[in-house]
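The values are calculated or read from the model by the stated rules, or taken from the named source; none is laboratory data. Because the structure is predicted, anything quoted here is derived from the model rather than measured. Here the Cβ is made from the backbone with ideal geometry for all residues, glycine too, and neighbour counts use every protein chain on show. The accessibility values were calculated without ligands, DNA or RNA, using every heavy atom of the protein model including side chains. Shrake-Rupley method; radii C 1.70, N 1.55, O 1.52, S 1.80 Å.
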Amino acid sequence: MKDEAPITPSTLFELASCSKPFTATALLILVDRGMLTLDDDVRDHLPELPEYSRDNPILIRDLLQHTSGLPEYFDFDDEGVPMRHRTYAVNEDYLGMFAKLKKDYPLQFRTGSKFEYTNSNYLLLASIVQRVAKKPFSEFVRDEIFLPAGMQHTFICQSPKSVPQTEDDDKYNRAFGYEWREKKETWKPSWGTPPEWPQKVMVVGDGGVWSNLEDMAKWDAAVRARKFLKPATWKEALTPATTRKGKAFDYGLGWTLYTDDDGSVHACGHDGTWAGFENSYYRDLAGNRSTLILSNRDTLDTDELYQALDALVEKHVEE
C-alpha cells in the first residue's frame, strides 16, 4: 500500500521470477499424473504457436529449462498486442503474437542448442497448465500447491478479480514496488495490485505470484520435504539440464542450480526482479538451510545481502 505501512512477515510481495518454480511444479504435477510428457511438442497443446522447425520442434522440457530459443514476449508490446479485456492483457493475448510476428521475431537460436533465460517460456507453460488442467492457472496452482502447503494468503494475480479482499487486509497488506529516481532523488511507486494499481499486463507463469515470508517458509518446508512430485521427478527438476548435444548448464526444470566443480548440486533457488521488487530464494542443500529475501525497492543487492546473512548464520553455527 502507498500509506507507508510497515513491512512485517505478513506483508505480501510480487515474487516476480521467484514465481517460476511454482509454474514448473504445476506443470510437473500434470506430468506425474500422465496428462502430458516433458517431450511433448508444445504445439500439441498450443497449436497457435507457429512451427519454427518441423524436424526440431520446441518441447515442453525446452520451455522448462530455457532452451527453446523463443523471442522475449515483452518485445511484442511495441507491436501493439490486442487485448481481450478492455484494460489489461493476459497470456492468451500474447500467444497469437508469436505467429503474427514470426518473421520479425524469429527463434533466437536453434531449439535445444543452448540455454538462454526467456520469460516467454513460462508464459507458455502457464497456458499449457491451464489448458490441460481445464481450469484457470491461478486456481490450479492454488488448489494443488498453495493450499496443500498451507500458504493461505498467497495468490496469483491473473485478473483484477483474483486479488483477495479480506477483513484482515491491514495485517496482510500488499507492498508496492518502488524505483529510485536519481534526478529527483525520490522513490516512485512502480507496481502493485488492483484496484490500487491498475496493472495493464496480467501475464502469469513467469511472474504474478504474490506471497509473504510466512507463506514462503511453508513453501520452503514443502520443498525440503519434496512434496507434490514423485521422487524421480524432483530429482530431475534439480538436476542440471542439458542441450541436445549433452552440454550441461546450471538450470534444472524451473530452478537455478548451484554446482561444485564436479557437477554436483549444492544449492537451488531462484531470483526475481520486477518493477521495484527484488527477491531471492536460496536453498542451501549442503548446509540444510534456506534464505528468503523479499524487497520492494529496486536498489537492493540481494546477492550482497544474502552473503552477509549467510556469514552471520555460519558464524553462529561455528560457535
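Some notes on this structure:
- The lone exception for Y281 - which of (1) open to solvent by 40 Å² or more (accessible area, probe 1.4 Å); (2) under 28 Å from L147 (Cβ atoms) it fails: (1)
- Every pair of residues 6+ apart whose Cβ atoms lie under 9 Å, when the first sits in the stretch 80-103 and is free of Cβ contacts under 8 Å to residues at least 40 places away in the same chain while the second is charged (D, E, K, R) and open to solvent by 80 Å² or more (accessible area, probe 1.4 Å): M83/K200; E92/R84; D93/R84; M97/E79; K100/E79; L101/E79
- The lone criterion from (1) in contact (Cβ under 8 Å) with a residue 60 or more places away in the chain; (2) outside any loop (DSSP other than H, G, I, E, B); (3) among the basic types (K, R) left unmet by R244 is number (2).
Matching residues to (1) among the small types (G, A, S); (2) under 25 Å from I29 (Cα atoms):
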| residue | (1), (2) |
| --- | --- |
| V129 | no, yes |
| S138 | yes, yes |
| V141 | no, yes |
| M151 | no, yes |
| C157 | no, yes |
| P160 | no, no |
| D170 | no, no |
| T186 | no, no |
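- Of residues in the stretch 260-313 being touching a residue at least 12 places away in the same chain (Cβ under 8 Å) and in a helix (DSSP H, G or I), the one farthest from T193 (Cα to Cα): V313
- Residue in the stretch 14-37 that is most open to solvent (accessible area, probe 1.4 Å), counting only those that are part of a loop (DSSP other than H, G, I, E, B) and touching a residue at least 60 places away in the same chain (Cβ under 8 Å): M35
- Residues in the stretch 64-118 that are touching a Pro at 6+ places or on another chain (Cβ under 8 Å) and closer than 18 Å to Q199 by Cβ: 3 in all.
- Considering the stretch 131-228, the qualifying strands (runs of 3 or more DSSP E), each wholly inside and each with 1 or more residues that are open to solvent by less than 10 Å² (accessible area, probe 1.4 Å), hydrophobic (A, V, I, L, M, F, W, C) and at pLDDT 95 or above, run over 209-211.
- Members of the stretch 272-319 found to be among the charged types (D, E, K, R) and touching a strand residue (DSSP E or B) at 6+ places or on another chain (Cβ under 7 Å), listed by number: E278, R283, D284, R297, D298, D310
- Condition check for S138: touching a strand residue (DSSP E or B) at 6+ places or on another chain (Cβ under 6 Å) and among the small types (G, A, S): yes
- Some residue of the stretch 54-66 being modelled with pLDDT under 95 and open to solvent by 30 Å² or more (accessible area, probe 1.4 Å): yes
- Qualifying positions in the stretch 40-84 - of a type outside the set (D, E, K, R) and farther than 27 Å from I29 by Cα: Y52, S53, F74, F76, G80, V81, P82, M83
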